Amino acid sequence: MATPLSPDELVRILRAEGVRVAEYPGWRTRSRDAATGNTFGPVHLIVNHHTAGSNSLDVVAKNGVPGLPAPLAHTHLDKSGLATMCSAGRANHAGLVASNAYTSFLEERTTHPAPSKASGTLDGNDVAYGIEVENLGNGADVYTRAQYDAWVRWNAAICRRYGWSAESVAGHLETSVEGKIDPRGPVEGYGRRGRFTFSMAQFRKDVAERLTHPAAWNPEEDDMPTADEIATAVLKKDRIISIPGAPAGNPTWTLSSSITEILKRLDRANAALAAQSAAITALAGQLGRDVGTAAVVAAVEAAIAAAVVRVDVTVADHT
């Protein structure tokens, strides 16, 4: 559990994480604390939402919706990746949270159960930061690359500041007892990844990856391919390489075994070539000399043996 951040601190950590931040007029003092008598915090949860509409900044920050006064989140994130601060206090975004779901995020478990009303409920607005991400929520509207990148950064900034893991990051659908479905929809891409479908599991992986790097890290500038990317490229979409002459009962080998076998075969080919070259050189050295056939054969065999031994050492190095 943690004390909510001051407005200045919240802006500072977001900008340090590389989030472009704008400040909605009055956001530093606009909240639902005084109106409800409830206070914001202690906190240990982030709840992520989609707006289910477009051009919704004013709705989230100031106007609200019938029956639900603003602010509706702490931050609004538009398609360009601009994060506009809407509140630093208690915001109407999470609603009733199932106790079993809340506990799993509080304890940062690696799995999170479906929210059960029977487990009890608590007011998520008291304990959770919330972000509303601009998207129609119809399963077709696309989260832009810039928007998703800023979204990951926003969550990572708060986790980094408090020392939380990505398992403190939740989707509204994972906490609500009211049947919420957000966030959902296709994502244009992230880092070197192309289009994919949003899921909280993948989102948490992206937040977790970011937390292994400094706050200024940019995934699009990371030129070093991952082991999975290398394997996928070489194995043609994760298929195992078939090697003629593989051991009986094991016609396919792993990438490591395949590369090792290829190197061995190259060495054997080099050995044969070296032997031929040594033989020719030895024969040439005997031309014009008054020696018998046996001496010529002995010289050639010695030259071949020396060449093959040298290459066999190379072969052994690959085993």
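Under Stokes-Einstein, with the Kirkwood radius over Cα pairs standing in for Rh, what whole-number D in µm²/s applies to the stretch 79-136 at 20 °C and 1.002 mPa s?
In µm²/s, the coefficient rounds to 164.
Using r as the Cβ-Cβ distance of residue 202 and residue 54, and R0 as 30 Å, what FRET efficiency do you calculate, to the nearest 0.05? Walk me through the intermediate numbers first.
On the way: r = 24 Å, r/R0 = 0.81.
With a Förster radius of 30 Å, E is 0.80.
Per 0.36 nm of contour for each residue apart, how much would the distance between residue 39 and residue 264 grow if the chain were fully extended, relative to their Cα-Cα spacing?
The residue 39-residue 264 span can extend by a further 74.1 nm.
Let's test the formula: R0 of 35 Å, r as the Cβ-Cβ distance of residue 103 and residue 63. What FRET efficiency results, to the nearest 0.05?
0.55
Sort 70-76, 188-194 by the packing proxy (mean of other Cβ within 10 Å over each peptide's residues), most packed first.
Answer by packing, highest mean first, reads 70-76, 188-194.
When only DSSP loop residues count, what trypsin sites (Lys or Arg not before Pro) in the stretch 1-94 have their Cβ near at most 16 other Cβ atoms within 10 Å?
Within the stretch 1-94, the qualifying trypsin sites (Lys or Arg not before Pro) (loop, at most 16 other Cβ atoms within 10 Å) are 79.
Starting from the Kirkwood Rh over alpha-carbon pairs, what translational D in µm² s⁻¹ does the stretch 97-169 have by Stokes-Einstein at 4 °C and 1.567 mPa s?
Rounded to a whole number, D works out at 92 µm²/s.
Which log10 I(q)/I(0) values does the stretch 34-144 give at q = 0.11, 0.14, 0.19, 0.23 Å⁻¹ under the Debye formula, counting every alpha carbon as one identical point scatterer?
Reported log10 I(q)/I(0), two decimals: -0.37, -0.60, -1.03, -1.25.
Coordinate-derived values only; no laboratory data. In this text, all values refer to a predicted model and were calculated from it rather than measured experimentally. All Cβ positions, glycine included, derive from the backbone under ideal geometry; neighbour counts span all protein chains shown.
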